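Notes follow the structure.
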Amino acid sequence: MVGTLGSPRAGAIDVGSRAPFGWAPLVVLFIVGFVDRIEHNLLSGVLPAIQGEWGFSDTAAGSIPTAAALAAAVVALPAGYLADRLSRTRIIAVVVLVWAVATLGSGLATGFLMFYLMRVLLAAAENIDNPAAGSLLADYYPPVSRAKAYGFTRVTTHLGGVGTLLGGVLAEAYSWRTAFLVLVVPGVLTALLVWLLREPPRGRLDRLVAAGDAPPASAARAALVFPAHTSAVSPESAAVVRLPFWRQLRQVLAIPTLAFVCAGLCLLTLGLAGIFYWLPTYMVRSLGVGTGTAGSLTGLIPVAGTLTGTLVGTWLGRKWHGTRKGGRLLAGGSGLTAGSLVLAVALSMESIGAMAVLVLLACSLLAIAMPNLTACLADVVPATSRGLGFAVLQLLVTGGGAFGSLVVGIASDRFGSLLAGMYVLVLPMVAGGLLTLRARTSFERDARKVMEEAARG
């Protein structure tokens, strides 16, 4: 069984298939992201209960995700460097096991300092697996199905709202510690599942797709067969990066589409991280709902909205890709801009029902970007540097998310208004959507360069 999940169907890579390695790798990586986000979002749901036990301020509460995100940012680029050189499946499996240990430590924390340190450790570990997962997907699935693949793994960013729901309900019914202890077992089982994944040949799909436009003899030489018993990636079958780190990083940062998309998503995450971290607390304080109800609403609404938006985004991406200039970016950027504006209106509602409906609509619009922007990123970064490309994205997104909750917490303590703090973050979100739309001007050129490089390889 070891290393057999994700082997080529019938022992051969069929570039005509939308899933030449099957859909099992997508399912496994979806589970990884889902468990990750559930655990990450537990804190938002249990925060009122933890503050009630230890009595720390809103500024201290807001600094938890900030410190965690800064720790995650430190490891992002080294994680991408390693993802381009080592077994990506093994990296993810080990990291997921570390999650489980940090989750156990969170539930058993005897004081605020220990809890704080466990959250920082968890965030750092979570960030190590992201570049490896992003790189793996591009080697499991060809460009024609990447929007779907990235959509259904990145959707977990918002499906993790289940963690907010779970945390709020368990904190109210039992204790906040129970919420963390429950997540330890799924973490261990997920690590085992990832260990069974077979490492795909790095960059092989790009070369086969590029060879489709070459003369028949070249295409025939590119049609390689991989026996099912082959283990991991051999030096002969994988494109391995040998560039020094800083030179490789400069090459990645010089890709215009990547720069615009990463900057846009950084600003978007700044707003989303701050607003959704504090939304359950705002509902409890200002709208008079219970902790369980607030956790349930802010957990279920993003789940429903994100599922809807991802399906719409996948359809739009497939329909507009190749038929409109930067079609996927047009769909994603428009969704981000419109969703940010709708979220601003939602926050002004004094009725919990009206707020819920508008937050649902905002989440649906924002999620249209999920399958499109990540697929575009995979299309414009060469296979040998995709780990680092996704690490750059993760670094900027993590950096943006690091300060959202803290900005809101400081504004709340200073001005006595949690709502005012959340409104401060709306403008950066809108700007993020506009920046991703700007990336349309460079996408086709950057994607063409990747295919030309693959054909030469």
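Values in this text are rule-based calculations from the coordinates and carry no lab data. These numbers were taken from a predicted model, which means no experiment stands behind them. Ideal geometry is used to build each Cβ from the backbone, glycine not excepted, and the neighbour counts take in all protein chains shown.
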Report summary line: Cβ density ranking, 10 Å radius, fewest first, applied to 368, 255, 352 yields 352, 255, 368
Query raised in the report: Is segment 14-91 rounded, prolate or oblate when judged by the Cα gyration tensor, a ≥ b ≥ c being the square roots of its eigenvalues, rounded requiring a/c under 1.5 and prolate requiring a/b larger than b/c?
Result: oblate
Query - For peptides 68-74, 136-142, sequence by mean Cβ density within 10 Å, most packed first - result: 136-142, 68-74
Requested in this report: Once you have the Cα-Cα distance between residue 434 and residue 87, take 0.36 nm times their residue separation minus that, and quote the gain in nm to one decimal.
Outcome: 121.3 nm
Query raised in the report: What is the dipole size for the chain, taken about its Cα centre, with +1 at each Lys and Arg Cβ and -1 at each Asp and Glu Cβ, in debye to the nearest 20?
Result: 1300
Query raised in the report: Where the centroid of each part is defined by its Cα atoms, how far is segment 374-400 from segment 423-444 in Å?
Result: 17
Report summary line: Taking a crude spin-label model, label points 7 Å out from Cα along the C-beta direction, the residue 110 to residue 452 distance in nm is 6.4
Requested in this report: Let me know the Kirkwood hydrodynamic radius for segment 334-457, please, with Cα pairs as the basis and the value in Å to one decimal.
Outcome: 16.7
Requested in this report: Counting helices only, and only those DSSP H runs with n ≥ 4, report the 222 nm mean residue ellipticity of the chain as the sum of -39,500 (n - 2.57) divided by its residues, in deg cm²/dmol to the nearest 500.
Outcome: -26000 deg cm²/dmol
Query raised in the report: Do you know the relative contact order of segment 88-170, to the nearest whole percent, from alpha carbon pairs under 8 angstrom that are 6+ apart?
Result: 30
Query - For residue 411, net neighbour charge (Lys/Arg +1, Asp/Glu -1) across residues whose Cβ lies under 15 Å away - result: 0
**Report entry** Whole-Å distance, taken between Cα centres, linking segment 112-142 and segment 279-309
**Finding:** 25
Report task. Compute the distance in nm between two label points, each set 7 Å from the Cα along the Cα-to-Cβ direction, one at residue 285 and one at residue 18. Result -> 4.6
Query raised in the report: Taking other Cβ within 10 Å of each residue's Cβ, how do 376, 266, 363 sort, fewest first?
Result: 266, 363, 376
Requested in this report: Please report, in cubic angstrom per residue, the volume enclosed by the convex hull of the alpha-carbon atoms of the chain.
Outcome: 124
Query raised in the report: Looking at the square roots a ≥ b ≥ c of the eigenvalues of the Cα gyration tensor of segment 297-395, which shape do they give, rounded for a/c under 1.5, prolate if a/b is larger than b/c, or oblate?
Result: prolate
Requested in this report: Let me have the relative contact order for segment 328-375, percent, based on Cα pairs under 8 Å that are six or more residues apart.
Outcome: 56
Query raised in the report: Is the shape of segment 67-207 best called rounded, prolate or oblate, per the rule: a/c under 1.5 gives rounded, else a/b larger than b/c gives prolate, else oblate, with a ≥ b ≥ c the square roots of the Cα gyration tensor eigenvalues?
Result: prolate
Report summary line: Amide H contacts under 5 Å for residue 197, restricted to residues at least 5 apart in sequence or on another chain and with H modeled in the peptide plane, are 3
Report summary line: the chain: relative contact order from alpha carbon pairs under 8 Å, six or more residues apart, as a whole percent, is 27
